[in-house]
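Written out below as structure tokens is the structure these notes cover.
The values are calculated or read from the model by the stated rules, or taken from the named source; none is laboratory data. Since the model is a prediction, treat every value here as computed from it, not as a measurement. Positions of Cβ are backbone-derived with ideal geometry, glycine not excepted, and every protein chain shown enters the neighbour counts.
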Amino acid sequence: MKKIKIAQIGTSRNSHGQGIFDSLKQNEAVFDIVGYTLPENEREKFPEMMKVFEGYKEMTLDEILNDPGIEAVAVETEEIYLTKYAILAAEHKKHIHMEKPGGTNLVDFEKLISLVKENNLVFHIGYMYRYNPFVIDLLEQVKKGELGEIISVEAQMNCSHPIPTRNWLKTFKGGMMFFLGCHLIDLILKIQGQPERIIPLNKCCNLDADSEDFGMAVFEYKNGVSFAKASANELGGFARRQLVVSGSKKTVELKPLEMYSRPEGSTVLYTEKMEYTKPGWLEFGEESRSEWFHRFNFMMATFGSMVRGEIENPNTPDYELELYKTILKACGVE
């Protein structure tokens with residue numbers, strides 16, 4: 001199998017640049033890493049993030065874009081620059097893996113979508129829950145009607161961020177809803193489609209930071225109300241990240257959505273699930289736990305399969321645009 005020549009554009013302190021580059025290295029049978037570039041002074045801004053690149057060639061952006069042998073790029077800059085560099089990659093006809101959710105400008109994102117469609121490129125965004133084994137199974141159950149009529153989705157992705165990170169959230173309208181809530185909105189859209197109304201409820205907690213560090217949005221549907229919540233101020237929030245889908249035939253709760261194995265620092269994860277199918281107050285449900293999985297390895301291997309034409313991306317460019325617009329509405333962007 002011919003390896004895909006790939007390069008990475010940028011990294012960041014708060015997102016997944018390190019994890020993605022490490023995953024490219026671990027997928028050595030799929031990818032041939034040509035090099036990386038740091039176009040927004042990342043070396044100076046994030047010196048602690050540089051170790052992952054050791055032993056690989058640092059290149060200029062132009063070298064990457066103009067090398068016809070490089071088939072794909074991973075765009076992992078800070079969020080505000082994502083769409084900018086993805087557009088450049090699309091203009092140079094590179095397949096794109098991009099950090100979520102994109103930059104902050106809708107017009108630019110629309111241009112990006114137009115380019116990837118025009119040039120018939122793979123456009124793959126790093127929503128890692130799309131590759132969680134229990135989320136995949138849950139979405140398939142919903143599709144088959146095993147949950148019945150969907151009444152509500154409750155999605156939470158909380159954590160306890162330090163003050164510098166919470167102040168950094170001022171970069172985006174909607175703060176935490178843009179930064180992490182985007183993952184949850186993706187799941188809600190996949191389960192229920194477009195809502196009848198979106199009510200953004202993003203707030204500042206006024207705990208030594210002045211950003212919208214409490215993200216929340218309500219989604220109204222004909223059968224009920226769903227919500228996404230992403231707090232940067234919740235002790236124990238990572239362990240309480242959850243997805244609860246309530247239907248007329250079954251309720252499925254995934255909590256924690258992800259939990260790290262020990263020893264601390266491992267990238268191996270698991271998910272726990274409860275399924276409820278019987279009426280009554282004393283329904284204890286059925287409990288199960290996923291096999292261990294890596295947060296990014298399956299995701300990037302699947303991207304490789306898309307680039308080679310072995311599978312199609314189920315998340316079309318048009319869907320990604322619809323999702324992006326929904327995220328902006330949930331962030332309170334008019």
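Would you be able to say whether some residue in the range 151-161 is modelled with pLDDT of 95 or more, closer than 22 Å to I311 by Cα, over 16 Å from the mean Cα position of the chain (by Cα) and not in a loop (DSSP other than H, G, I, E, B)? The answer is no, given that none of the residues of the range 151-161 is modelled with pLDDT of 95 or more, closer than 22 Å to I311 by Cα, over 16 Å from the mean Cα position of the chain (by Cα) and not in a loop (DSSP other than H, G, I, E, B). Summed over the range 254-276, residues that are closer than 25 Å to K190 by Cα and touching a Gly at 6+ places or on another chain (Cβ under 8 Å) total 3.
Before we move on, is L257 under 17 Å from the mean Cα position of the chain (by Cα), within 30 Å of L207 (Cα to Cα) and either basic (K, R) or part of a loop (DSSP other than H, G, I, E, B) (or both)? Yes: the conditions hold for L257. Residue-level check: of (1) closer than 22 Å to T171 by Cβ; (2) in contact (Cβ under 8 Å) with a residue 60 or more places away in the chain; (3) outside any loop (DSSP other than H, G, I, E, B), T11 misses just (3).
Residue-level analysis places Q194 outside the set of residues that are at pLDDT 95 or above, part of a helix (DSSP H, G or I) and surrounded by fewer than 23 Cβ atoms within 10 Å (Cβ to Cβ).
For the range 265-285, state whether one or more residues are loosely packed, with under 15 Cβ neighbours inside 10 Å, more than 29 Å from N202 (Cα to Cα) and touching a Leu at 6+ places or on another chain (Cβ under 9 Å). No; the residues of the range 265-285 include none that is loosely packed, with under 15 Cβ neighbours inside 10 Å, more than 29 Å from N202 (Cα to Cα) and touching a Leu at 6+ places or on another chain (Cβ under 9 Å). Note on the range 64-80: among residues that are in contact with a Lys or Arg (Cβ under 9 Å, 6 or more places away or on another chain) and assigned to a helix (DSSP H, G or I), the one that is surrounded by the most Cβ atoms within 10 Å (Cβ to Cβ) is I64. In the range 169-178, the count of residues that are surrounded by fewer than 23 Cβ atoms within 10 Å (Cβ to Cβ), touching a Pro at 6+ places or on another chain (Cβ under 8 Å) and at pLDDT 95 or above is zero.
Which one is nearest to A74 (Cα to Cα), of the residues in the range 277-311 that are within 19 Å of the chain's Cα centre (by Cα) and in a loop (DSSP other than H, G, I, E, B)? Out of the qualifying residues, it is F296. Every test in (1) modelled with pLDDT of 95 or more; (2) of a type outside the set (F, W, Y); (3) under 29 Å from L169 (Cβ atoms); (4) surrounded by fewer than 16 Cβ atoms within 10 Å (Cβ to Cβ) is passed by C331 save one, and that test is (4).
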